[in-house]
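First comes the structure, then the notes that go with it.
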Amino acid sequence: MATGIATAKLILCGEHAVVYGEPAISVPFSQAIVKTDVTEATETSFSSAFFEGSLDEMPAFLAGIKEITEQILRRMGDKKVMINVMSDVPIGRGLGSSAAVAASIVRGLYVYFKQPLTEKELLHWVNQSEKIAHGKPSGVDAVTVVTGKPVWFEKDKSLELIHFNQKAHFVVADTGVPSETRSAVLDVGHLLQNDPQLYQPMIIKLGDISREIKKYFETNLDVAQVGLLMTEAQKLLEKLTVSDASLEKLIRTALENGAAGAKLTGGGRGGCIISLVENQESARKVADALQRGGAARVWIFTIGEDNQ
Ligand code: PMV
């Protein structure tokens, strides 16, 4: 048996704007992991919480995974394997589940076939799967999942890693509502096309917010200021129509219970929120409030210094 592992991702800021060349900050979300076991079999089959059966029977939402798995197996001499995916990344919640599942399968297959796998090759496979699944992704999910490091991502530019100078404490909460990344991305495109004078400055402002937040993370983390910037980004995302009532309810709860700032993370229209808090004590208070306020799942998440 061989095993491949990948972690989910969290976009701290810059989602949607990143599609138009503005920067985003994205970090590996180590609390949510995908593990894939690959074992010998007489027929190639797939097992997971979301689908069980042969590759031919895979549903449309797994078309990207199906395509890259078939291509890899063909390269490896059409050998038959059982692929068992175990994931604690909720699907379609803006946490990069599809990229993490793809990366863990590719890693598992390469280990099983005893083939070396470079980061560049893995990125190629994950990007291919993501393109089939999501149309025209910016690539931020794939890069974060493949590198497993905090990234400063700008489309078509060389990758820059971010070093967090101090610990930053976050609380992440799932609305329980599937995120509609694809329609949200398409609708932002329509807004920009129909009224560029109104919407283009919002995209640029979101980029400026990412640039400011980066400075704070890399130097002195002023939690209050970064929180305000995150909430400002949320207001812009609302104007871009990618937020919704389920997200805004959790954002309000986080802010009312002491979070310095809160915003949606990922595609929006459902999915997850991310809030910045001062310390672990505040994190627990916000997490409890979110849980009581109806979040489907809540995670306390720390990044910086010793975990990067
Ligand atoms: O796949 P999600 O929901 O994590 O969203 C990705 C972030 C977007 O900026 C909305 C889309 C993209 O391709 O970058």
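Each reported figure results from applying straightforward, stated rules to the coordinates on display, with no laboratory input. Values in this document were obtained by computation on a predicted structure and should not be read as measured data. Please note: Cβ atoms are built from the backbone with ideal geometry, for glycine as well, and neighbour counts cover all protein chains shown.
Helix 245-256 versus the longest principal axis of the chain: what is the Cα-based angle in degrees, 0 to 90, to the nearest 10? Rounded to the nearest ten degrees, it is 50. Take each peptide in 288-298, 266-276, count the other Cβ atoms within 10 Å of every residue, and average; sorted highest first, the result is 266-276, 288-298.
The shape of region 180-308 comes out oblate: with a ≥ b ≥ c from the C-alpha gyration tensor, a/c is at least 1.5 while a/b does not beat b/c.
Think of region 1-70 as having a plus end and a minus end, set by charges on the Cβ of Lys, Arg, Asp and Glu; of Phe29, Thr69, Cys13, Cys13 sits farthest toward the positive end of this dipole. What you get for region 124-270, charging only the Cβ of Lys and Arg (+1) and of Asp and Glu (-1), is a dipole of about 160 debye around the Cα centre.
Once the Cα atoms are used to define both axes, helix 119-134 deviates from the longest principal axis of the chain by about 80 degrees.
A Cβ-based charge dipole, computed about the Cα centre of the chain with Lys and Arg at +1 and Asp and Glu at -1, lands at about 120 debye. D by Stokes-Einstein for the chain, Kirkwood Rh over Cα pairs, 25 °C, 0.890 mPa s: 125 µm²/s.
Against the main long axis of the alpha-carbon atoms of the chain, helix 280-292 sits at an angle near 80°. Protection proxy ranking of 233-244, 100-111, by the mean of other Cβ atoms within 10 Å over each peptide's residues and highest first, is 100-111, 233-244. Model label points for Lys155 and Val111, set 7 angstrom from Cα along the Cα-to-Cβ axis, are 3.4 nm apart. Note on region 113-215: Rg/Rh from C-alpha atoms, Kirkwood Rh, equals 1.01.
Taking a ≥ b ≥ c as the square roots of the eigenvalues of the Cα gyration tensor of region 250-308, is the shape rounded (a/c under 1.5), prolate (a/b larger than b/c) or oblate?
oblate
Ordering Leu250, Gly304, Ala262 by Cα displacement along the dipole of the chain toward the positive end leaves Gly304 in first place; charges were set at the Cβ atoms of Lys, Arg (+1) and Asp, Glu (-1). Assuming charge only on the beta carbon of Lys and Arg (+1) and of Asp and Glu (-1), the dipole of region 207-270 about its Cα centre is about 140 debye to the nearest 20.
Subtracting the Cα-Cα distance of Ala296 and Lys215 from their residue separation scaled by 0.36 nm leaves 25.9 nm. When the chain is described by a simple charge dipole with +1 on each Lys and Arg Cβ and -1 on each Asp and Glu Cβ, the residue from Phe153, Phe113, Pro201 located farthest towards its positive end is Phe113.
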